[in-house]
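The values are calculated or read from the model by the stated rules, or taken from the named source; none is laboratory data. If you're wondering where the values come from, they're calculated on a predicted model, not measured in any experiment. Backbone-built Cβ (ideal geometry, glycine too); neighbour counts: all protein chains shown.
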Amino acid sequence: MNSDGALERLKREGRIVVVGASLAGLRAAEKMREKGFAGELTMIGDEPHEPYDRPPLSKQVLLGMATADGTALPRRRDIDAKWRLGVPAAGLDMAASRVRMADGDEVEYDRLLIATGVRARPWPNPEEAALDGVFVLRTRGDAAALERALAAGPGRVLVIGAGFTGSEIASACRERGLAVTVAERADAPLVGALGGVVGAVAADMHRENGVDLRTGIMVTALEGDSSGRVRAAHLSDGTTLEAEVVVVSLGAQRNTEWLAGSGLGAGPRGIACDAGCRAFDIMGIVTDDIYVAGDVARSPHALFGYQFLSLEHWGNAVAQAETAAHNMLSTSAERRPHLWVPAFWSSQFGVNIKSVGVPSMGTEIMITQGSRAERRFVGVYGYQGRVIGAVTFDQCRWLDFYEQQIEQTAPFPPPYPTVDRRPEGERPLPADFPDPSVPTHGPTITLSGHSPADRRMTFTPAHN
Amino acid sequence: MTQGILRQILDYSSRANPYPLYQELRATPVFHDGDGPYVISTYHEIKGLLHDPRISSDSRNLTATAGDPLNQAEEGGSDVLPPSFLKLDPPDHDRLRRMTNRPFGPPHSPRRVEQMRGELGGIVTGLIDTIAAKGDPARIDLVEEFSYPFPVTVICRLLGVPPEDEARFHVWADTLAASLDPDPDADPAERAKKTEGARMELGMYLAGLIEERRKNPTGDMLSELATGQGPDGTMSTMEVLSTAALLLIAGHETTVNLITNGMLTLLRNPEHLERLRSEPNLAVPMVEELLRFEPPVQLLPQRSTLADIEVAGVTIPKGSSLWLILASGNRDPKRFEDPDRFDPDRPDVQHLGLGSGIHSCFGAPLARLEAALALSELARRLENPRLLEDPPPYRQNAVLRGPRHLPVAVDGIRAA
Ligand SMILES: Cc1cc2nc3c(=O)[nH]c(=O)nc-3n(C[C@H](O)[C@H](O)[C@H](O)COP(=O)(O)OP(=O)(O)OC[C@H]3O[C@@H](n4cnc5c(N)ncnc54)[C@H](O)[C@@H]3O)c2cc1C
Ligand code: HEM
């Protein structure tokens, strides 16, 4: 049987299994059907819900403008799948091409797509994490519970970690008129993703909007009352802060534990795959029938020196899922690389923040348009004399241009004048990213070198 | 490439169908002839330039305007008023547009346009009722009797011009519109005098109304513009004036032409007219396809370069004038499959008809609503409409292109 025949048979009567029934899983499934896959499609998801959208969870839902269960993802087409919801996949037998379910069932596949995403990093002390009033925010259930707690009008909310999600939560609290403290280990919010220059703007936005922002500080312990409700937090400066609601927003952990021992190249930094979304095994050999997409993937990118990137970006999940689906059903000549330029958005304190490229690779930043003081500007990031990323605050209509500059590896600093150039934009500034070896809260883009193997870190299965 | 292709495009004889010339032009995505403007005719290049911060909309950045044959025909060139935000760059553009948007769209006024739906429907019904009562079914001029009066009435209601003054407003708007569409036989000096007179009267009238609204705000756009106290402060009277004039001018001729081009296209494609009659909801995708297929703003002639820039392999020097031929980009086969076919079912119709980037049409939600209501109602109420002249007579203007008259015959007009 030639490979064309095998592909035709796969399309006609093959079995495709998708593990992780969220954004990437759904969009991949839709793409497969669109490409004429007529075989059996199984969607395995540990959450009891059909795929839903997460970005509104920290925005509209926390403001009470949308309900957590009203965020189902719109369907682009019928995918005619067997849904196995509410039971996690617990293991993978690569040799037998089988996924083992937590309830003991086994599901065989001809092609497997892994899209198990990430979960919120929990508060490190399990007893404190279990106190009433302590929340994380990743799922629909998390959002509903947090919204209820905010609606009850707590005296003070403490947000631990000022990455994008933490900042959005603080913004929602202020919009609801709640007192909120944000504690961040770094010197400013968003520094991991956008650096210190932009972080300083973010810090001003917090304070202007009445957030009690405390930077360069760590929460060392949470304290409960006799009924098991959180009542206070202890900070590294020796002070104690009373709070009725604590939201732990310390970034994400990859959902790869279920693959431990499978022989797949999966670890705490994600699952390594090639530009065509095919997973590597632990020996660094690319597999033929296992694909990866979305937040759980680590893949090399041509524009960024073929370093492996992990992206926690909505748009990346969609684009990578579509590429994976395409490649799963293509001959090797028809496969295409995932060349998506990273792009991210956030809205907080009434400002729409967007970024393209990999700002965190930048060593310098130039404010090419607008003004930081007005909270409306474009910042362009440079790395080794080229444009590597850009961020806009309420200036997103220019972003296409800067995306092209990144794709064309245009020179940095940009040698040309632009509309709305201010004195502060005349020359580049140091971008002021923290030392990458010091983890920050949710950079949303993680660079992890050139090796598909994840050996530098030891694999620690989940504590619970 | 023929030497005079720009001249040909501007020449009245190509008004009814400029599209073959655009096709010819696209063979040279960046066309430059002598000291004329750099003419961009392909979709991706136009789109790129509309998002390029090295491009200015402020004509003060032009080093050479001499070769620009459209310059005299430009609207709103009154020296009395400060430039409207259409002709400004950030940050002034952004500030004025934000302040104008506050009483118009989300996030501050998410319902202004939607709340006009009923009123717009009423105006449409009234206009068609008048045709039914007074018109001659054997010859109705849809421009004169429908497309023309409709948008001016809408702008009046939006701004808050009192109903008893609407008639005067129509006269000024007509005179200003005529100045965009010079009648070759009329005496230019005479015309200029009339235009200047209308502009003055309109300006005085609006200034008076603004003063009145400042004292007694009534919730309409003009009151809000005159008294609004957002994070950007309040507009000066001059700024309110030039903004109101911009809304009137930018929202008038364009919408007239969209509705007229729409009816013309539907009469040429009766199967789509019939579909629209039975499914009024089709009006929404149809309007999008119309904005691609027959865009009322054919080209943007007022951009300039702030730096030397490279487009499709051609270096355009700093200070050059650019023409972005939106209507040509909309028919670029590299972007749209079978571009010369009118196909309201196109899945991905991201046309350039309303511009793109920071100057993209401010009135877009209103324009879309007006056109959808107008076309679906005309389709529903006109019985067996037939085109009496094809092509119909066009206006002079090559930028704001559209028929001067659209004569149709009908068997009758259905009740509202
Ligand atoms: C609050 C919040 C706000 C956000 N806002 C933005 C934003 O503004 N802009 C932006 O670009 N991105 C944003 N994101 C990120 C974006 O939502 C993610 O990039 C996107 O959800 C990734 O999709 P995914 O399908 O790869 O992973 P996920 O959505 O994480 O889905 C993975 C799924 O797999 C399931 N799963 C895990 N392990 C197993 C297993 N063993 N067996 C079965 N199922 C399993 C998980 O429960 C989950 O349902 C936000 C995320 C959150 C949480
Ligand atoms: C179908 C009808 C319409 C079409 C085809 C149209 C088209 C356009 C186009 C192409 C632009 C971009 C100009 C540029 O980039 O230089 C524009 C801008 C603009 N339009 Fe419209 N328009 C229409 C209706 C309206 C209406 C009804 C209004 C007012 C209520 C309006 C108000 C404006 C304004 C104020 C601008 C300037 C925006 C800016 O510079 O930021 N338009 N329009």
Problem set entry | Odd one out for A:Val380, checked against (1) more than 14 Å from chain B (Cβ to nearest Cβ); (2) surrounded by 21 or more Cβ atoms within 10 Å (Cβ to Cβ); (3) among the β-branched types (Val, Ile, Thr); (4) closer than 23 Å to A:Gln405 by Cβ | (1)
Problem set entry | Selection from the stretch B:24-52 of residues that are in a loop (DSSP other than H, G, I, E, B), hydrophobic (A, V, I, L, M, F, W, C) and either within 20 Å of B:Ser356 (Cα to Cα) or within 14 Å of chain A (Cβ to nearest Cβ) (or both) | none
Seminar exercise, completed: Among B:Pro163, B:Pro188, the single one that is loosely packed, with under 15 Cβ neighbours inside 10 Å and over 26 Å from B:Pro103 (Cα atoms) is B:Pro188
Problem set entry | Only one of A:Ala260, A:Ala266 that is more than 14 Å from chain B (Cβ to nearest Cβ), within 16 Å of ligand 1 (Cβ to nearest atom) and surrounded by fewer than 18 Cβ atoms within 10 Å (Cβ to Cβ) | A:Ala260
For this session: Can you run down the residue pairs with Cβ atoms below 8 Å, 6 or more apart or on separate chains, where the first is in the stretch A:49-67 and of a type in the set (Val, Ile, Thr) and the partner is assigned to a helix (DSSP H, G or I)?
Result: A:Val61/A:Ala68; A:Val61/A:Ala143; A:Val61/A:Ala144; A:Val61/A:Glu147; A:Thr67/A:Ala144
Problem set entry | Top-ranked residue of the stretch B:370-416 - restricted to ones that are under 26 Å from B:Ile9 (Cα atoms) and either within 11 Å of ligand 2 (Cβ to nearest atom) or not in a loop (DSSP other than H, G, I, E, B) (or both), ranked as nearest to the chain's Cα centre (by Cα) | B:Leu400
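When you go through A:Glu374, A:Glu403, A:Glu407, A:Glu334 one by one, which is the residue that is among the acidic types (Asp, Glu) and touching a Pro at 6+ places or on another chain (Cβ under 9 Å)?
From the options A:Glu374, A:Glu403, A:Glu407, A:Glu334, the qualifying one is A:Glu374.
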Seminar exercise, completed: Going through (1) closer than 29 Å to B:Gly34 by Cβ; (2) out of contact with any Lys or Arg (no Cβ under 9 Å at 6 or more places or on another chain); (3) near ligand 2 (Cβ under 7 Å from one of its atoms) one by one, B:Ala367 fails only at (1)
Seminar exercise, completed: Residue pairs within 7 Å by beta carbon, gap of at least six or interchain, first lying in the stretch B:87-99 and in contact (Cβ under 8 Å) with a residue 60 or more places away in the chain, second charged (D, E, K, R) and in a loop (DSSP other than H, G, I, E, B), listed first then second, are B:Lys87/B:Asp58; B:Pro90/A:Asp420; B:Arg95/B:Asp232; B:Arg98/B:Asp232; B:Met99/B:Asp232
For this session: Please specify each residue of the stretch B:1-23 satisfying the condition of being surrounded by 14 or more Cβ atoms within 10 Å (Cβ to Cβ) and assigned to a helix (DSSP H, G or I).
Result: B:Ile5, B:Leu6, B:Gln8, B:Ile9, B:Leu10, B:Ser14, B:Tyr19, B:Leu21, B:Tyr22, B:Gln23
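So if I check each of A:Ala325, A:Ala333, which one is in a helix (DSSP H, G or I), more than 14 Å from chain B (Cβ to nearest Cβ) and touching a helix residue (DSSP H, G or I) at 6+ places or on another chain (Cβ under 9 Å)? First the steps, then the outcome.
Numbers: A:Ala333 fails: touching a helix residue (DSSP H, G or I) at 6+ places or on another chain (Cβ under 9 Å).
Testing whether each residue is in a helix (DSSP H, G or I), more than 14 Å from chain B (Cβ to nearest Cβ) and touching a helix residue (DSSP H, G or I) at 6+ places or on another chain (Cβ under 9 Å) leaves just A:Ala325.
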For this session: Might you let me know whether the stretch B:125-139 holds any residue that is over 18 Å from B:Ala250 (Cβ atoms), in contact with a helix residue (DSSP H, G or I) (Cβ under 8 Å, 6 or more places away or on another chain) and among the charged types (D, E, K, R)?
Result: no
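Taking A:Ile290, is it under 20 Å from A:Ile388 (Cα atoms), β-branched (Val, Ile, Thr) and part of a strand (DSSP E or B)? Break it down stepwise before answering.
Details: under 20 Å from A:Ile388 (Cα atoms): no; β-branched (Val, Ile, Thr): yes; part of a strand (DSSP E or B): yes.
Spelling it out, it is not the case that A:Ile290 is under 20 Å from A:Ile388 (Cα atoms), β-branched (Val, Ile, Thr) and part of a strand (DSSP E or B).
Checking the condition modelled with pLDDT under 95 and among the hydroxyl-bearing types (Ser, Thr, Tyr), which residue from B:Thr42, B:Thr100, B:Thr63 passes? I'd like the intermediate steps shown before the answer.
Details: B:Thr42 fails: modelled with pLDDT under 95; B:Thr100 fails: modelled with pLDDT under 95.
It is B:Thr63.
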Exercise. Can you find even one residue in the stretch A:199-211 that is buried (at least 22 other Cβ atoms within 10 Å of the Cβ), under 26 Å from A:Trp340 (Cα atoms) and either in the same structural domain as A:Val180 (by TED's automatic domain parsing) or in contact with a strand residue (DSSP E or B) (Cβ under 6 Å, 6 or more places away or on another chain) (or both)?
Worked result: yes
For this session: For the stretch B:205-233, enumerate the residues that are closer than 30 Å to B:Gly355 by Cα, out of contact with any helix residue (DSSP H, G or I) (no Cβ under 7 Å at 6 or more places or on another chain) and either within 16 Å of ligand 1 (Cβ to nearest atom) or in a loop (DSSP other than H, G, I, E, B) (or both).
Result: B:Gly219, B:Gln229, B:Pro231
For this session: Would you confirm whether any residue within the stretch A:413-426 is within 27 Å of A:Ala183 (Cα to Cα), touching a residue at least 12 places away in the same chain (Cβ under 8 Å) and more than 9 Å from chain B (Cβ to nearest Cβ)?
Result: no
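Look through B:Glu389, B:Glu383 and report the one residue that is over 20 Å from B:Gly251 (Cα atoms), more than 16 Å from ligand 1 (Cβ to nearest atom) and in contact with a Gly (Cβ under 7 Å, 6 or more places away or on another chain).
Details: B:Glu389 fails: in contact with a Gly (Cβ under 7 Å, 6 or more places away or on another chain).
So the residue among B:Glu389, B:Glu383 that is over 20 Å from B:Gly251 (Cα atoms), more than 16 Å from ligand 1 (Cβ to nearest atom) and in contact with a Gly (Cβ under 7 Å, 6 or more places away or on another chain) is B:Glu383.
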For this session: Tell me, yes or no, whether the stretch B:348-368 has at least one residue that is surrounded by fewer than 20 Cβ atoms within 10 Å (Cβ to Cβ), modelled with pLDDT under 95 and within 14 Å of chain A (Cβ to nearest Cβ).
Result: yes
For this session: Identify, by number, the condition in (1) out of contact with any Gly (no Cβ under 8 Å at 6 or more places or on another chain); (2) buried (at least 24 other Cβ atoms within 10 Å of the Cβ); (3) within 14 Å of chain B (Cβ to nearest Cβ); (4) not basic (Lys, Arg) that A:Ile353 doesn't meet.
Result: (3)
